Every structure is written in C-alpha cells, then in structure tokens.
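See below for the structure under consideration.
The values are calculated or read from the model by the stated rules, or taken from the named source; none is laboratory data. Predicted, not measured: the structure shown is a model, and the values here were computed from it. Positions of Cβ are backbone-derived with ideal geometry, glycine not excepted, and every protein chain shown enters the neighbour counts. Please note that ligands, DNA and RNA were not included when accessible areas were found on the heavy atoms of the full protein model with its side chains. Shrake-Rupley method; radii C 1.70, N 1.55, O 1.52, S 1.80 Å.
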Amino acid sequence: MRKHITGAVALAAVAALALSGCSSSGSGGDKGGDKSYAVANVVNGNLGDQGFFDDSETGMAELKKMGIDTKTLQADAGNQSQWKANVESVSTGKYNLVVVGTWQMNDILSAAAKKFPKQHYVIYDSAVEAPNVASIQYAQNEGSFLAGVVAASTVKNQTGLAKGSKSVGFVGGQDAPPITDFFAGFEAGVKAVDPSIEVQKATVGDFVNSTKAYDQATAMYQKGAGVVYAVAGQAGLGVLKASKDSNKFSIGVDSNQNQIQPGHVLASMRKFIGNSIVTAVKADQKGELKYGATTTYDLKNKGVGLDFENNGDLVPADVVKSVEDYTAKIVSGEITVPKG
C-alpha cells in the first residue's frame, strides 16, 4: 500500500513559533518555575468528532507523554456561557498555558485575556490581539487547493466511483472564516485542473448536524457530484457517510479520516493542530513563544497538507504527482491561492 503525505507532520522543525517574545516563566499568575509545567485545553464542544477537536487532543496527549501536566475541558456545542466559564476556571494561575481554538472563541478569549493579564494563552485556527495571547493560524486555503486538484482530477478522469459524474461538491459548517478560506482554495484548485467543472456548495449552519450534512451531500451526488469535500467538523461525518451510501467519493478534513468510510474517502486535508500546539508549548518553555503576534502554518513550513495515508490507494499515482507539482508551485510563489 502506498503511503504518502503531502505536508509532513514534522512541525518541530518549524521555527516560526520559536521567536523571541514574552517569556512564559511564571506565566499564569503565581505559578513558579520550580513547579511542573501545566497546560489546559478548553474545547468549545466535545471530543469524538474524529477531526478538529480530536486533532487538538493529540497534541495534549503528546504533551502528557513529555511529562507535562495536562487538562482538557469539554463543553456543549453552542453553549458559550459554558465555554466562558471553562476558560475562566483555568485562568487563575495553575496553568502556564491555556489553549483554545476557533474563531468562535475570539470574544471569550479577548475578555479573559483582559481579566487575567498574567495568564498566557494560545488560540489556534484564529487570532486574538492581546499581549498575553499567541495566535496560530493555518493556510487552509492552500491545503484546500490541493483537495480541489484531487476532486477535479477524479471527476475529469472519471476515476472509479466518479464515473458518470460531472461536478464536485463542498459542504461547509458555517459561512464564516475560516470556512470561506477553505472554499476559496478548493474552488481555485478545481478550476486549475478544469475550469468547466461545476462546484456545488452548501452550508450546514453549525458543526454538529451530521444529518443535515448527509442530506446536503446526498443531494449533490444526485445532481452529478463525484466527490464532495467535507469541511464541517463533526457534521462532516455525515458527508463521508453519504459518499458511502451514494457509492461516490468524499474528501475529509483536519485529521486523517480516510478509513472512516473505506473505499470512499480519497484523502484528508490536514491542519496539523496537535503538532502546532506541541511546538508552541516547547517554545513557551524556552521563553521564546511570541505573544501579541500570529504565526501561520502553511504548505511551505509543512503546517497543512493533503494526507493520502490509509486511503486504499484510491488516488492514482499521476494525480498524487500532480498534487506534489502544485505544492511546489504554491511554495515557490508561482501560484498564489486566493482567500475567502
């Protein structure tokens, strides 16, 4: 079985986060340097989505292996009062770093950063301007461009289950950043392969309603889509299920979702969230994490990529080579991928 990952996960080699800045020594109020280092991960939802939040938790698991004291707080989806309470509960000095994710946490983190000025925070997949917050963003538009290349190539070549198809689809969680970046990159990748291929688009309205995502993807398949790209968190699992039930292809996101519906998931667009959290913590332990600034992980520093591993060799070698060629062009600057 061919195993290939465009955009390897060796983020430890990335120097972007290891920049001079605010030292974490004594961060979190009264926590002294002679005590064990501790990190809290506040999840604005539940683990088990087999994607975004689960990927962040892989970073916490790695930190625990390193001997770091870790704690993860989960919450009800959409319960912002609970999200706020969870953030504040771990902002009183026990934890060197408090980690949160997504643009949905921006306002809550902005308020907490002001209320607890001695607490240090990391936000991933978004950015908050505050002197005690280090922000991490990902070039999802670049990774999604590659997903568009695979989707369009599969339809253009009428590969396998895509025989008879004439379009591709995109199911997003909400019509908001960074989902708009995902779509912009995906559409650009499709058009780079074949401008005549239609891109169907739908929005779930949240990141948990897998039934609605299933129905939207099924409708796309019925309208001729051979591949549908799921960018909807836990809801996106409905898209993958629809690809199986419609006997078509799909593309996963955030973590390696290639084996969730074997024979139907062509690849997964990865944002290596867990790795970036570990990189941030290591930089913070050295006093090198830059607060009040944003670090972007992209194709050039291997922070995003298209993961083909364990996909059953569904993507032909020539298409994988095409993905590698497009990657090189994006990294070199020959191709500039649009943003949403």
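Taking region 66-152 as the region of interest, the strands (runs of 3 or more DSSP E) fully inside it that hold 1 or more residues being open to solvent by 10 Å² or more (accessible area, probe 1.4 Å), of a type in the set (A, V, I, L, M, F, W, C) and touching a residue at least 12 places away in the same chain (Cβ under 8 Å) are 69-73. Of the residues making up region 162-175, not a single one is among the acidic types (Asp, Glu), in contact (Cβ under 8 Å) with a residue 60 or more places away in the chain, assigned to a loop (DSSP other than H, G, I, E, B) and open to solvent by 20 Å² or more (accessible area, probe 1.4 Å). Against the numbered list (1) open to solvent by less than 20 Å² (accessible area, probe 1.4 Å); (2) at pLDDT below 95; (3) not polar (S, T, N, Q), Ile5 comes up short only at (1). Of the candidates Ala317, Ala283, Ala242, Ala267, the single residue that is within 15 Å of Ile136 (Cα to Cα) and not basic (Lys, Arg) is Ala283. Among the residues of region 195-220, those that are of a type outside the set (Asp, Glu), outside any helix (DSSP H, G or I) and modelled with pLDDT of 95 or more comprise Pro195, Ser196, Ile197, Val199, Gln200, Lys201, Ala202, Thr203, Val204, Gly205, Asn209. Of the residues making up region 53-80, those that are under 18 Å from the mean Cα position of the chain (by Cα) and closer than 16 Å to Ser276 by Cα are Phe53, Asp54, Asp55, Ser56, Glu57, Thr58, Gly59, Met60, Ala61, Glu62. Count, please, the residues in region 185-199 that happen to be in contact with a helix residue (DSSP H, G or I) (Cβ under 7 Å, 6 or more places away or on another chain) and open to solvent by 20 Å² or more (accessible area, probe 1.4 Å). Final tally of qualifying residues: 6.
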